[in-house]
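Novice: This is the structure I have questions about; it appears just below.
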Amino acid sequence: MTERTRGRTMYYGKGDVLTYRTYAKPLAVPPVSESAYAGNDNVIFAHNIKFAVSGESFLTSFTEGNNAMVVATDSMKNFILRQTAQYTGSTTEGLLAFVCRQFFARYPHVASITVTGDRIPFDSLAVKDGGQLAESGLVFRRSHNDHASATLEFTRLESEAAIVSHVSSIADLQLIKVSGSSFFGFIRDEYTTLPDSYDRPLFIFLNIGWRYADVNDALDGESGRYVAAEQVRDIAHHVFHEFNTPSIQYLIYQIGLRILTRFPQLAEVNFESSNRTWEIVIDTIEGSRGSVYTEPRPPYGFQGFSMTRGDLAKGESAR
Ligand SMILES: O=c1[nH]c(=O)c2[nH]c(=O)[nH]c2[nH]1
């Protein structure tokens with residue numbers, strides 16, 4: 001999170017602003033074939049928000065200790081929490097954009113805002129209702145699995161604030177495929193100790209980000225063009241299941257092709273992946289097709305890759 005004002009880095013803000021809004025507007029998204037996800041009733045619409053402002057007006061707070069123009073970060077926290085009540089939409093990006101626009105309106109000396117919102121997932125639970133299992137709607141389970149996230153950067157223009165960059169993502173996805181992944185054919189020289197692997201238990205950590213051609217599609221849950229992180233998550237595990245992959249590099253490329261195919265409204269998809277392939281301890285267990293593995297020893301390998309719609313034309317057509 002770096003704001004440069006006339007060639008200088010200068011920003012301040014509040015992190016870990018936890019907003020637990022209940023009964024926000026439900027979100028409905030068009031289905032994709034890889035996912036059963038159809039939306040979120042948003043009974044719990046919870047976020048961890050990081051909010052940073054910048055602008056020339058703040059320079060003297062750094063250089064002279066003059067707080068006359070400083071909005072206390074404690075006030076920022078209060079502002080975010082209270083504005084969460086006023087938000088009438090159904091998406092993380094929409095909430096962040098709403099809070100930023102309100103902040104610009106309230107504090108005219110703020111020149112730009114960078115905001116990140118991590119959704120805090122609460123899973124619905126089934127309870128017995130007249131002999132059938134049905135969604136409780138009241139009791140939820142806090143999830144520490146992967147979560148949706150979004151970052152928006154706003155700059156104040158003459159009359160209004162504009163979004164100058166945006167990215168939505170699914171963060172901390174951890175997927176294991178126990179069989180059907182290989183890694184061989186790499187450079188073999190005096191530094192090589194890794195054996196070829198024709199079937200490895202591939203465990204990956206993944207962050208997947210996406211940018212829309214029109215950022216308004218990210219804000220508006222009603223447009224039918226909102227991309228839910230849960231759908232991207234489900235596409236990722238589908239592609240992992242379908243392909244016998246020669247590397248993580250190839251796997252993420254295939255996931256990217258599929259995401260771009262499913263969502264024509266996206267301009268870009270990007271990946272940060274890391275390799276957590278389990279280490280073999282016992283290869284063959286008599287009378288079983290199983291093995292025993294343990295955590296890999298550090299260090300770990302990683303990949304970064306971004307793709308645009310141009311890659312779709314070049315790449316294999318995603319199924
Ligand atoms: O999928 C992989 N890609 C690599 O580049 C690499 N390098 C390595 O040691 N193991 C792996 N696995």
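Novice: When the residues of the range 114-154 are filtered to those that are surrounded by 13 or more Cβ atoms within 10 Å (Cβ to Cβ) and acidic (Asp, Glu), which remaining residue is nearest to Arg211 (Cα to Cα)?
Specialist: This residue is Glu153.
Novice: Quick one: in the range 246-256, which of the residues that are away from the ligand (no atom under 12 Å from the Cβ) and not polar (S, T, N, Q) is surrounded by the fewest Cβ atoms within 10 Å (Cβ to Cβ)?
Specialist: Our first condition is that a residue be away from the ligand (no atom under 12 Å from the Cβ); within the range 246-256, this holds for 254-256.
Pick out the ones that are also not polar (S, T, N, Q) and you get 255-256.
Working: Ile255: 26, Gly256: 28.
Here the residue is Ile255.
Novice: Starting from the range 152-172, take each residue that is among the acidic types (Asp, Glu) and list its partners that are in a loop (DSSP other than H, G, I, E, B), counting only C-beta distances under 6 angstrom and pairs at least six apart or across chains.
Specialist: Partner pairs satisfying both residue conditions: Asp172/Asp146.
Novice: Test Phe62 against the stated conditions and say whether it is out of contact with any strand residue (DSSP E or B) (no Cβ under 7 Å at 6 or more places or on another chain), of a type in the set (Phe, Trp, Tyr) and without any contact (Cβ under 8 Å) to a residue 60 or more places away in the chain.
Specialist: Details: out of contact with any strand residue (DSSP E or B) (no Cβ under 7 Å at 6 or more places or on another chain): yes; of a type in the set (Phe, Trp, Tyr): yes; without any contact (Cβ under 8 Å) to a residue 60 or more places away in the chain: yes.
Yes: the conditions hold for Phe62.
Novice: Regarding the range 96-113, can at least one residue be identified that is among the charged types (D, E, K, R), out of contact with any Gly (no Cβ under 7 Å at 6 or more places or on another chain) and crowded, with 17+ Cβ neighbours inside 10 Å? Break it down stepwise before answering.
Specialist: Of the range 96-113, the ones among the charged types (D, E, K, R) are 101, 106.
Next, from what is left, pick out any that are out of contact with any Gly (no Cβ under 7 Å at 6 or more places or on another chain): 101, 106.
Cutting the leftovers down to crowded, with 17+ Cβ neighbours inside 10 Å gives us none.
No: the range 96-113 contains no residue that is among the charged types (D, E, K, R), out of contact with any Gly (no Cβ under 7 Å at 6 or more places or on another chain) and crowded, with 17+ Cβ neighbours inside 10 Å.
Novice: Is it the case that Gly15 is touching a Lys or Arg at 6+ places or on another chain (Cβ under 8 Å), among the small types (Gly, Ala, Ser), surrounded by 13 or more Cβ atoms within 10 Å (Cβ to Cβ) and in a strand (DSSP E or B)?
Specialist: On the way: touching a Lys or Arg at 6+ places or on another chain (Cβ under 8 Å): yes; among the small types (Gly, Ala, Ser): yes; surrounded by 13 or more Cβ atoms within 10 Å (Cβ to Cβ): yes; in a strand (DSSP E or B): yes.
Against the criterion (touching a Lys or Arg at 6+ places or on another chain (Cβ under 8 Å), among the small types (Gly, Ala, Ser), surrounded by 13 or more Cβ atoms within 10 Å (Cβ to Cβ) and in a strand (DSSP E or B)), Gly15 qualifies.
Novice: Among the residues of the range 96-120, write down those that are without any contact (Cβ under 8 Å) to a residue 60 or more places away in the chain and not hydroxyl-bearing (Ser, Thr, Tyr).
Specialist: Within the range 96-120, the first condition is being without any contact (Cβ under 8 Å) to a residue 60 or more places away in the chain, and the residues that meet it are 96, 98-99, 102-110.
Correct list: Leu96, Phe98, Val99, Gln102, Phe103, Phe104, Ala105, Arg106, Pro108, His109, Val110.
Novice: With respect to Asp74, determine if the residue is acidic (Asp, Glu), modelled with pLDDT of 95 or more and closer than 25 Å to Asn216 by Cβ.
Specialist: Numbers: acidic (Asp, Glu): yes; modelled with pLDDT of 95 or more: yes; closer than 25 Å to Asn216 by Cβ: no.
It is false that Asp74 is acidic (Asp, Glu), modelled with pLDDT of 95 or more and closer than 25 Å to Asn216 by Cβ.
Novice: Got at least one residue in the range 190-201 being β-branched (Val, Ile, Thr), surrounded by 11 or more Cβ atoms within 10 Å (Cβ to Cβ) and either modelled with pLDDT of 95 or more or within 30 Å of Leu260 (Cα to Cα) (or both)?
Specialist: No: the range 190-201 contains no residue that is β-branched (Val, Ile, Thr), surrounded by 11 or more Cβ atoms within 10 Å (Cβ to Cβ) and either modelled with pLDDT of 95 or more or within 30 Å of Leu260 (Cα to Cα) (or both).
Novice: For the range 170-185, give me each residue that is out of contact with any helix residue (DSSP H, G or I) (no Cβ under 7 Å at 6 or more places or on another chain) and surrounded by 11 or more Cβ atoms within 10 Å (Cβ to Cβ).
Specialist: Selection gives Ala171, Asp172, Gln174, Ile176, Val178, Ser179, Gly180, Ser181, Ser182, Phe183, Phe184.
Novice: Write out, first by first residue and then by second, each pair whose Cβ atoms fall under 6 Å of each other, whose residues are 6+ apart or on separate chains, and whose first residue, in the range 255-283, is under 30 Å from Ser223 (Cα atoms) and touching a residue at least 60 places away in the same chain (Cβ under 8 Å) while the second is assigned to a strand (DSSP E or B) and of a type outside the set (Ser, Thr, Tyr).
Specialist: Val269/Trp210; Val269/Met307; Asn270/Gly209; Phe271/Ile208; Phe271/Phe305; Glu272/Asn207; Glu272/Gly304
Novice: Tally up the residues in the range 158-203 that are among the acidic types (Asp, Glu) and within 13 Å of the ligand (Cβ to nearest atom), please.
Specialist: Of the range 158-203, the ones among the acidic types (Asp, Glu) are 158, 160, 172, 189-190, 196, 199.
Now restrict to residues that are within 13 Å of the ligand (Cβ to nearest atom): 196.
Adding up the residues that qualify gives 1.
Rundown of residues vs (1) part of a helix (DSSP H, G or I); (2) in contact with a Pro (Cβ under 7 Å, 6 or more places away or on another chain); (3) within 16 Å of the ligand (Cβ to nearest atom), yes/no style:
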| site | (1), (2), (3) |
| --- | --- |
| Arg258 | yes, no, no |
| Glu272 | no, no, yes |
| Gly287 | no, no, no |
| Tyr293 | no, yes, yes |
| Pro296 | no, no, yes |
| Pro299 | no, no, yes |
| Gln303 | no, no, yes |
| Ala313 | yes, no, no |
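Novice: Further question on the same structure: Quickly run through the range 254-268 and pick out the residues that are under 14 Å from Gln231 (Cβ atoms) and out of contact with any Lys or Arg (no Cβ under 9 Å at 6 or more places or on another chain).
Specialist: Within the range 254-268, Ile255, Ile259, Arg262 qualify.
Novice: Among the residues that make up the range 235-245, is at least one of them surrounded by fewer than 17 Cβ atoms within 10 Å (Cβ to Cβ), hydroxyl-bearing (Ser, Thr, Tyr), within 16 Å of the ligand (Cβ to nearest atom) and not in a loop (DSSP other than H, G, I, E, B)?
Specialist: There is no residue in the range 235-245 that is surrounded by fewer than 17 Cβ atoms within 10 Å (Cβ to Cβ), hydroxyl-bearing (Ser, Thr, Tyr), within 16 Å of the ligand (Cβ to nearest atom) and not in a loop (DSSP other than H, G, I, E, B).
The values are calculated or read from the model by the stated rules, or taken from the named source; none is laboratory data. Model, not experiment: these values are computed from the prediction. Here the Cβ is made from the backbone with ideal geometry for all residues, glycine too, and neighbour counts use every protein chain on show.
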